[in-house]
Amino acid sequence: MLDLARRQRGVLTRRQLTQLGVSPAQVRWRLGRSWRLVLPGVVLLDWALPSDLQRCIAALLYAGPQSWLSGPSAGVLHRVLAPTPRARVHVLVAAPGRPRDVGWLSIRRTHVVDERLVTSGALRYSCLPRAVVESAAGMPPDEARALIIDVVQRRLARLDDLSHWIEARRPNGRVVLRRALAEAAAGAWSLPEADLARLMSRSSVVPEPWLNPELRDADGCRLTTPDLWLDDVAMAVMVHSREFHSGVIDWESTVERDSDLSACGVVVIGVTPGAIARDPARVIERIERAYATALRSGRRADVVATPRIVSIGRLLSAGAAGSRGGTVDDGPGAAAGITSRVMSREVS
């Protein structure tokens with residue numbers, strides 16, 4: 001009994017207790033005195049409140065051996081989401097299992113059971129790409145986009161794997177997920193950069209921009225990576241936001257690093273996420289005006305830019321086209337086509 005209790009962090013089912021020789025009367029006597037009932041038929045061998053880990057184990061014991069943690073619960077275990085105290089636990093069961101909500105536990109049924117589950121002790125949970133997709137599907141659109149962009153930028157999941165799980169899930173919610181995947185595929189490193197790219201893609205004045213290209217000066221030395229780049233006039237558009245840096249010092253050093261671009265003659269335009277959200281027309285006007293001035297000057301800084309992918313405009317338009325499709329006709333080729341083209345064009 002002690003070995004099983006240690007493996008399951010002190011959480012056992014009534015059936016397990018009976019098999020270990022604990023009578024129903026003994027269980028009843030212990031409950032309310034030194035043990036706690038955390039879910040129907042699932043007992044914590046302690047009167048303290050269960051930890052988040054113990055709640056996850058209890059959820060799996062309650063849902064049965066054909067269950068596994070999914071969505072935000074799996075995302076926390078993969079460390080792509082921050083833990084929320086006393087959050088709901090999300091579990092998937094293979095069809096024809098019955099979906100239901102029991103207290104803080106949500107059980108959902110799935111017909112997609114061909115994933116390789118991650119196991120750790122008494123825990124079973126979704127692979128990282130599926131956990132990210134299912135988590136993003138339950139978030140507000142901007143949070144979903146930020147999560148997918150962050151995971152791709154940190155190289156925690158491949159584009160093709162995310163695309164697979166987007167198309168494998170039920171149709172509702174695919175619009176936002178496809179758009180986020182297209183933005184991440186285009187090279188966006190943060191949500192503000194993705195917003196800026198979408199804003200610039202609507203301009204009829206500036207040419208197709210590049211996201212986060214590699215820049216080198218005339219001597220071959222690396223320069224600061226611009227958020228958005230207009231290559232014909234060597235113009236960098238930088239998104240300056242404290243929210244996406246670890247602190248004030250990091251944010252200020254990021255702003256100061258832009259000076260190496262100016263020293264090489266690069267035209268640098270700074271924008272903020274707040275300006276993009278509040279007055280996008282003014283932002284686009286500033287960029288277009290600066291671009292026109294640089295174009296008239298006839299001068300271009302002596303820097304070499306290497307795009308991460310050949311074309312982001314087609315990717316963003318492809319993501320938008322995929323989002324316009326109906327939920328019935330949308331097939332796995334939509335986002336998969338986007339990501340397969342990106343993977344073949346990525347610069348290592």
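The values are calculated or read from the model by the stated rules, or taken from the named source; none is laboratory data. Note that the structure is a prediction, hence the values are computed from the model and not measured. FYI the Cβ positions are ideal-geometry reconstructions off the backbone, even for glycines, and counts take in every protein chain you see.
Inspection of region 310-323 finds no residue satisfying the criterion of being at pLDDT 85 or above and not in a loop (DSSP other than H, G, I, E, B).
Go through region 99-145 and give me each residue that's hydroxyl-bearing (Ser, Thr, Tyr), crowded, with 16+ Cβ neighbours inside 10 Å and more than 13 Å from residue 80 (Cβ to Cβ). If the condition is that a residue be hydroxyl-bearing (Ser, Thr, Tyr), crowded, with 16+ Cβ neighbours inside 10 Å and more than 13 Å from residue 80 (Cβ to Cβ), then 106, 110 are the ones that fit. Considering only region 35-45, state which residues are without any contact (Cβ under 8 Å) to a residue 60 or more places away in the chain and assigned to a loop (DSSP other than H, G, I, E, B). Correct list: 41, 45.
Contact map, region 153-182: residues that are over 24 Å from residue 211 (Cα atoms) paired with residues that are small (Gly, Ala, Ser) and buried (at least 19 other Cβ atoms within 10 Å of the Cβ), Cβ distance under 7 Å, separation 6+ or inter-chain. Pairs shown: 167/335. Residues in region 1-15 that are part of a helix (DSSP H, G or I) and touching a residue at least 24 places away in the same chain (Cβ under 8 Å): 4 in all. When residue 175 is tested against (1) assigned to a loop (DSSP other than H, G, I, E, B); (2) within 22 Å of residue 131 (Cα to Cα), just one condition goes unmet, and that condition is (1).
If the Cβ limit is 6 Å and pairs must be 6+ apart or interchain, which residue in region 107-134 that is in contact (Cβ under 8 Å) with a residue 40 or more places away in the chain and of a type in the set (A, V, I, L, M, F, W, C) pairs with which residue that is assigned to a strand (DSSP E or B) and surrounded by 14 or more Cβ atoms within 10 Å (Cβ to Cβ)? Within 6 Å, the pairs are 107/91; 107/93; 117/68; 117/124; 118/125.
Within 24 Å of residue 290 (Cα to Cα) and either touching a helix residue (DSSP H, G or I) at 6+ places or on another chain (Cβ under 6 Å) or not polar (S, T, N, Q) (or both): is that true of residue 226 in this structure? Yes; evaluated as a whole, the condition is true for this residue. For region 25-34, taking the residues that are aliphatic (A, V, I, L, M) and in a helix (DSSP H, G or I), the one that is farthest from residue 5 (Cα to Cα) is identified as 25. If only residues of region 283-309 that are basic (Lys, Arg) and outside any loop (DSSP other than H, G, I, E, B) are counted, the one that is surrounded by the most Cβ atoms within 10 Å (Cβ to Cβ) is 286. Residues in region 261-274 that are crowded, with 16+ Cβ neighbours inside 10 Å and in a helix (DSSP H, G or I) were compared, and the one that is modelled with the highest pLDDT is 261. Taking the conditions (1) at pLDDT below 90; (2) of a type in the set (Val, Ile, Thr); (3) closer than 23 Å to residue 88 by Cα in turn, residue 42 satisfies each one other than (1).
Being under 24 Å from residue 91 (Cα atoms), of a type in the set (S, T, N, Q) and within 10 Å of the chain's Cα centre (by Cα): is that true of residue 135 here? Yes; evaluated as a whole, the condition is true for this residue.
In region 168-216, the qualifying residues are those that are charged (D, E, K, R) and surrounded by 24 or more Cβ atoms within 10 Å (Cβ to Cβ), and the one that is nearest to residue 262 (Cα to Cα) is 193. Of the residues making up region 212-234, those that are touching a strand residue (DSSP E or B) at 6+ places or on another chain (Cβ under 6 Å) and over 12 Å from residue 304 (Cα atoms) are 226, 227, 228. For residue 93, the criteria (1) exposed (fewer than 13 other Cβ atoms within 10 Å of the Cβ); (2) over 13 Å from the mean Cα position of the chain (by Cα) hold in every case but one, which is (1).
Taken together, the residues in region 184-234 that are assigned to a loop (DSSP other than H, G, I, E, B), touching a residue at least 12 places away in the same chain (Cβ under 8 Å), closer than 13 Å to residue 284 by Cα and of a type in the set (Gly, Ala, Ser) amount to 2.
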